[in-house]
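The values are calculated or read from the model by the stated rules, or taken from the named source; none is laboratory data. Quantities reported herein were computed from a predicted structural model and do not represent experimental measurements. When we count neighbours, we look across all protein chains shown, and the Cβ atoms used for this are built from the backbone with ideal geometry, even at glycine. These accessible areas exclude ligands, DNA and RNA; they are computed on the full protein's heavy atoms, side chains included. Shrake-Rupley method; radii C 1.70, N 1.55, O 1.52, S 1.80 Å.
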Amino acid sequence: MRRVSISDPTFTYDDADVDGFRSGMFRLGTELGAKTTGASVYELPPGQAVCPYHYEYGEEEWVLVLSGPVTLRTPEGEAPLEAFDMAFFPKGPDGAHELRNDGDEPVRVLMWSTIVHPSATAYPDSDKVAVWTGIKAEDLIARRSSGVDYFDGEQR
């Protein structure tokens, strides 16, 4: 049986992340060989969020705060989550969420979800939709306003 400890994870940071969305990540689902579920520990420096406010069309997500407080934004507003608080984010607009660190010290959260490909994510603040195919070169992020008609460009 594969095992991993999250007591002292080695976090990786993505150089492409912009300020406000810089978090360390430890993907333990990958470490354990998971295929249809994923889990990651995120370390959020002060002033940073895990990712932009969003919801998933094909995946359910969970969060467990390991050290906090963390600010949780949902369609109902904002609320603090303390260490060992949990929240569940269902598929669709009702599951919209953002987790951020409004404090002065780093915080950690454990997030896990189902993994579905293809799937899609909506970003209400920026009016974007992302399509995740499981093949990075074929993934797409677009503004909703850039949508085209179903038959656009089709010829017979």
Point to revise | Selected residue (only one of ALA16, ALA34, ALA49 is open to solvent by less than 60 Å² (accessible area, probe 1.4 Å), among the aliphatic types (A, V, I, L, M) and out of contact with any strand residue (DSSP E or B) (no Cβ under 7 Å at 6 or more places or on another chain)) | key: ALA34
Exercise for review: Enumerate the pairs (first residue in the stretch 103-123 and without any contact (Cβ under 8 Å) to a residue 60 or more places away in the chain; second residue anywhere and of a type in the set (Gly, Ala, Ser) and open to solvent by 50 Å² or more (accessible area, probe 1.4 Å)) with beta-carbon separation below 6 Å, excluding pairs fewer than 6 apart on the same chain, so at least 6 apart or on different chains.
Suggested key: HIS117/GLY134
Check your understanding: Identify, please: which residue in the stretch 19-31 is part of a strand (DSSP E or B) and of a type in the set (A, V, I, L, M, F, W, C) and is, among those, most open to solvent (accessible area, probe 1.4 Å)?
Key -> MET25
Check your understanding: What is the residue count in the stretch 37-46 for residues that are open to solvent by 50 Å² or more (accessible area, probe 1.4 Å) and within 14 Å of VAL107 (Cβ to Cβ)?
Key -> 1
**Study point:** Pair list, Cβ under 7 Å, 6 or more apart: the stretch 27-51 residue of a type in the set (D, E, K, R), other residue modelled with pLDDT of 95 or more
**Key:** ARG27/SER40; GLU43/PHE11; GLU43/SER23; GLU43/GLY24; GLU43/PRO106; GLU43/ARG108
Review point. Is one or more of the residues making up the stretch 2-12 within 27 Å of THR133 (Cα to Cα), within 14 Å of the chain's Cα centre (by Cα) and assigned to a strand (DSSP E or B)?
Key: no
Study note, to complete from the structure: The number of residues in the stretch 35-58 that are part of a loop (DSSP other than H, G, I, E, B) and either touching a Phe, Trp or Tyr at 6+ places or on another chain (Cβ under 9 Å) or closer than 16 Å to ARG100 by Cα (or both) is 9
Check your understanding: Of the residues in the stretch 119-147, how many are surrounded by 12 or more Cβ atoms within 10 Å (Cβ to Cβ) and under 20 Å from ARG27 (Cα atoms)?
Key -> 4
**Study point:** Residue list for the stretch 52-80, filter: among the aromatic types (Phe, Trp, Tyr) and surrounded by fewer than 21 Cβ atoms within 10 Å (Cβ to Cβ)
**Key:** TYR53, TYR57, TRP62
Practice item. Give me the pairs, please: first residue somewhere in the stretch 134-156 and under 25 Å from HIS54 (Cα atoms), second residue anywhere and open to solvent by 100 Å² or more (accessible area, probe 1.4 Å), beta-carbon distance under 6 Å, and either six or more positions apart or on two chains. Key: GLY134/HIS117
Review point. Which residue, of ALA49, ALA16, ALA34, ALA39, is in contact with a Lys or Arg (Cβ under 6 Å, 6 or more places away or on another chain) and not polar (S, T, N, Q)?
Key: ALA49
